[in-house]
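Right, one structure below, let's go through it.
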Amino acid sequence: MPVSHAGNAGGSPKGAMISIGFVTVTTATSDIQFFNIPQTYTDLRVVLSARRTGANYVEGFLFNYLDVSASLSGCYIVNNSGSVSNGIVSNQDAATGGLVPAASASSTIWGTTVIDILNYSNTNTYKTVMFNSQCDSNSGYGANFLGVSVSKGSTGGLTTFDIATFSGSDLWAVGTTAELFGIRTVGK
Amino acid sequence: MSMYPIASVGPAGSGGIGTITFSSIPQNFTHLQIRIFCRCQTAATQVPIFLTLNGDGGSNYNGGSIQGGYNAPSGGYASSTSPYGIYCFPGSTSGTNYFGVGIIDIYDYTNASINKTFRATAGYSNYAAGGDEVRITEGSWMNTSAITSITLSPYGGCTQYSQFDLYGIVAA
């Protein structure tokens, strides 16, 4: 499993958006994990450039955080190749994270997903995560996805998360990348 | 593109905050971004945060949205509104400790030749109990003035722990 031991950026980085972890998939895998996330930023942002090995044109994925069991809920709207729908779930182990192109899509097509985790280190509130995902297949299929999830299993600070496929045979393709940014506000 | 912190309000204390105003906004960035973590005090499951630019309380805002979640996807458009509502955030009858998140991007905010355009993505989950929604909003302020202040008014005020951060984005 590709993992990134997140850490504070070295030197004296300027700006608000600081890269604190990066993963490149070099062998197809089911999970991309970040851990040891510093608690010193205001928000987190994950930028995922991804493709899957599953046989479909478009595949969904999961976002696991806070190590909770059956305590996640979420809702989303999705345009899957022209079919617009909504979804709402509760009592889940993981959040629905978005859609990415899979093996039936043109081989050079990759999907983009941005995951925002606001106020992730506040230990008094449940965490709300927002997912914004787009992909195309160059084969008549494509998708837009906007969703949120909340975990009521814990108010703990988020120190690790895992971006996972649905099954052990449908994997993140080689070349998939995930970068974790810490977003700092005034005075941080 | 680089992003820089400009101002921060929060986390709100035990009494919450009624209105958040970012004033004297520097004019040396290309775009602005506001990042919101908020729960509102009004007794409802789902409420907006109202956006006012340069204190303009007139009916000078237009915009559309697409939304869904607990309900099936739908779209909407409003013209000549004031102030402009950014949805959706939880009110006090949503589940305890649930907060909504929102990101508002305001483009080319110093260009005095064009009306100002903004877009927002926001939402929250109420554990499938109603009110759960995500929404994409676009809007325009029918005024060419450079934006120097932004006022956010959570419906009924926001609760403790709510947070509002303003960033400037610089083009290469």
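The values are calculated or read from the model by the stated rules, or taken from the named source; none is laboratory data. Since we're looking at a predicted model, the values are computed, not measured. Cβ placement follows ideal geometry from the backbone for every residue including glycine, while neighbour counts extend to all protein chains displayed.
So that you can scan it fast, the table gives a plain yes or no per residue for (1) out of contact with any Pro (no Cβ under 6 Å at 6 or more places or on another chain); (2) under 22 Å from A:Asp116 (Cα atoms); (3) modelled with pLDDT of 95 or more:
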| residue | (1), (2), (3) |
| --- | --- |
| B:Gly55 | yes, no, yes |
| B:Ile104 | yes, yes, yes |
| B:Tyr109 | yes, no, yes |
| B:Gly130 | yes, no, no |
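Against the conditions (1) within 12 Å of chain B (Cβ to nearest Cβ); (2) buried (at least 16 other Cβ atoms within 10 Å of the Cβ), where does A:Ile32 fall short? Just the number, please. (1) is the only condition that A:Ile32 fails. Considering only residues in segment A:124-142 that are polar (S, T, N, Q), within 20 Å of B:Phe89 (Cα to Cα) and in contact (Cβ under 8 Å) with a residue 24 or more places away in the chain, the one that is surrounded by the most Cβ atoms within 10 Å (Cβ to Cβ) turns out to be A:Thr125. Restricting attention to segment B:2-46 and to residues that are assigned to a loop (DSSP other than H, G, I, E, B) and touching a strand residue (DSSP E or B) at 6+ places or on another chain (Cβ under 6 Å), the residue that is surrounded by the most Cβ atoms within 10 Å (Cβ to Cβ) turns out to be B:Arg39. Go through segment A:135-157 and give me each residue that's closer than 27 Å to A:Thr108 by Cβ and within 12 Å of another protein chain (Cβ to nearest Cβ). Once the filter is applied, which keeps residues that are closer than 27 Å to A:Thr108 by Cβ and within 12 Å of another protein chain (Cβ to nearest Cβ), segment A:135-157 yields A:Asn144, A:Phe145, A:Leu146, A:Gly147. Any idea which of (1) out of contact with any Asp or Glu (no Cβ under 9 Å at 6 or more places or on another chain); (2) over 21 Å from A:Gly156 (Cα atoms); (3) small (Gly, Ala, Ser) is the one A:Ala95 doesn't satisfy? In the conditions (1) out of contact with any Asp or Glu (no Cβ under 9 Å at 6 or more places or on another chain); (2) over 21 Å from A:Gly156 (Cα atoms); (3) small (Gly, Ala, Ser), A:Ala95 misses (2) alone.
On the basis of being at pLDDT below 95 and under 14 Å from the mean Cα position of the chain (by Cα), does B:Pro48 make the cut? Taking the combined requirement at face value, the residue does not satisfy it.
Is there a residue being over 18 Å from A:Thr96 (Cβ atoms), without any contact (Cβ under 8 Å) to a residue 40 or more places away in the chain, of a type in the set (A, V, I, L, M, F, W, C) and away from chain A (no Cβ under 14 Å) anywhere in segment B:74-89? The answer is yes; a qualifying residue exists. Looking only at residues in segment B:109-126 that are surrounded by 17 or more Cβ atoms within 10 Å (Cβ to Cβ) and assigned to a loop (DSSP other than H, G, I, E, B), the one that is nearest to the other protein chains (Cβ to nearest Cβ) is B:Ser125.
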